[in-house]
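> Below you'll find the structure I mean.
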Protein chains: 2
Amino acid sequence: MAKLTSDLMRGHSDTMILKLLQEQDMYGYEIIKEIYKRSNEQYELKEVTLYASLRRLVTEECILAYWGDESKGGRRKYYSLTETGLSRYENNHADWIYSKSIIDKLV
Amino acid sequence: MAKLTSDLMRGHSDTMILKLLQEQDMYGYEIIKEIYKRSNEQYELKEVTLYASLRRLVTEECILAYWGDESKGGRRKYYSLTETGLSRYENNHADWIYSKSIIDKLV
DNA sequence: CAAGGTACTTTATCAGATATAGTACTTTTG
DNA sequence: CAAAAGTACTATATCTGATAAAGTACCTTG
């Protein structure tokens with residue numbers, strides 16, 4: 001049974017997040033759920049991994065964080081894409097296409 | 001310019017090595033050269049990464065190591081594939097195909 | 001009210017990678 | 001012949017995106 005090892009999935013969380021935020025702003029937990037859904041329930045980005053990635057992307061000004069204005073329920077931290085983030089996504093995506101072609105030659 | 005980041009290439013060194021050893025026994029440095037060649041000089045597996053990977057594969061009985069019997073030149077450590085190694089390759093390759101399809105959905 | 005779910009955060013640890021440096025031998029160059 | 005460069009392998013230290021475990025705060029359900 002083939003599996004998604006953390007080594008093979010490593011380095012992709014930023015790109016996955018940036019991809020989703022191109023469509024609309026999302027809060028953290030929602031990002032996890034959407035990734036799980038889009039992978040046909042095959043891949044679950046861990047919460048710690050997600051929030052670490054979000055924190056790093058904020059630091060690098062690829063995304064902006066802001067608290068939702070919910071009056072009920074827990075507060076949700078939303079994230080939105082920046083121009084820097086869009087560029088980062090494009091670079092990361094190009095890197096993936098390129099890496100994939102090289103790996104395919106070698107494995 | 002797209003590049004091969006270590007995070008994206010991570011987790012593939014074992015599989016690359018096992019692939020090559022299916023064709024014939026090779027010594028360490030030769031493996032590096034062959035990978036460099038087969039990637040059209042796009043990817044160079046670092047020596048420290050290679051030997052760490054080889055050591056790990058030997059420990060896991062995926063390959064066997066033996067010294068060449070050169071009478072001239074430095075001694076060369078050769079590696080040969082085992083049945084366990086062949087299975088490992090097949091599992092790793094299946095993991096790659098599977099991972100690739102999921103990543104393609106998400107990035 | 002307790003259990004479970006949602007949502008976010010903190011700390012500690014892991015392991016495949018890199019950086020740096022080393023040893024030993026041969027070949028090439030001046 | 002010596003120095004430089006190349007080939008071949010090994011050792012130690014560090015990095016960092018990941019995971020494990022645990023935490024806080026609020027809502028919903030039984």
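> Check cross-link reach from A:Lys77 to the lysines: straight Cα distance under 28 Å, and skip same-chain residues fewer than eight apart.
A:Lys19, A:Lys33, A:Lys37, A:Lys46, B:Lys105
> Collect residues whose amide H, placed 1.01 Å from N in the peptide plane, falls under 5 Å from the amide H of A:Tyr78; neighbours closer than 5 in sequence don't count.
Long-range HN contacts for A:Tyr78: A:Tyr66, A:Trp67, A:Gly68.
> On C-alpha positions alone, give me the angle between the axis of helix B:47-59 and the longest principal axis of chain B, in degrees, nearest 10.
Roughly 80 degrees between the two axes.
> Let me ask something else about it. Classify the protein assembly as shown: rounded, prolate or oblate, from the alpha-carbon gyration tensor (a ≥ b ≥ c, eigenvalue square roots; a/c under 1.5 rounded; otherwise prolate if a/b is larger than b/c)? Show your work: numbers first, answer last.
Details: a/c = 3.05, a/b = 2.36, b/c = 1.29.
The shape class here is prolate.
> Rg(Cα) of segment B:12-106 divided by 2.2 N^0.38 Å?
Numbers: Rg = 14.4 Å, N = 95, 2.2 N^0.38 = 12.4 Å.
For segment B:12-106, the normalised Cα radius of gyration comes out at 1.16.
> Give me the inter-chain shielding for B:10-17: mean count of other chain Cβ atoms within 10 Å, whole number please. Can you show the working numbers first?
Working: counts 7, 8, 7, 3, 2, 4, 4, 2.
Mean shielding by partner chains, rounded to a whole number: 5.
> Quick check on chain B: helices-only [θ] at 222 nm, where DSSP H runs of length 4 and up contribute -39,500 (n - 2.57) each and the sum goes over total residues. Nearest 500, please.
Rounded to the nearest 500, it is -18500 deg cm²/dmol.
Since every read-out is calculated from the coordinates, none of them should be taken as a lab result. What you see is a predicted model; the values in this text were computed from it and never measured. Methodologically, a virtual Cβ is constructed for each residue, glycine included, from the backbone with ideal geometry; neighbour enumeration extends over all protein chains shown.
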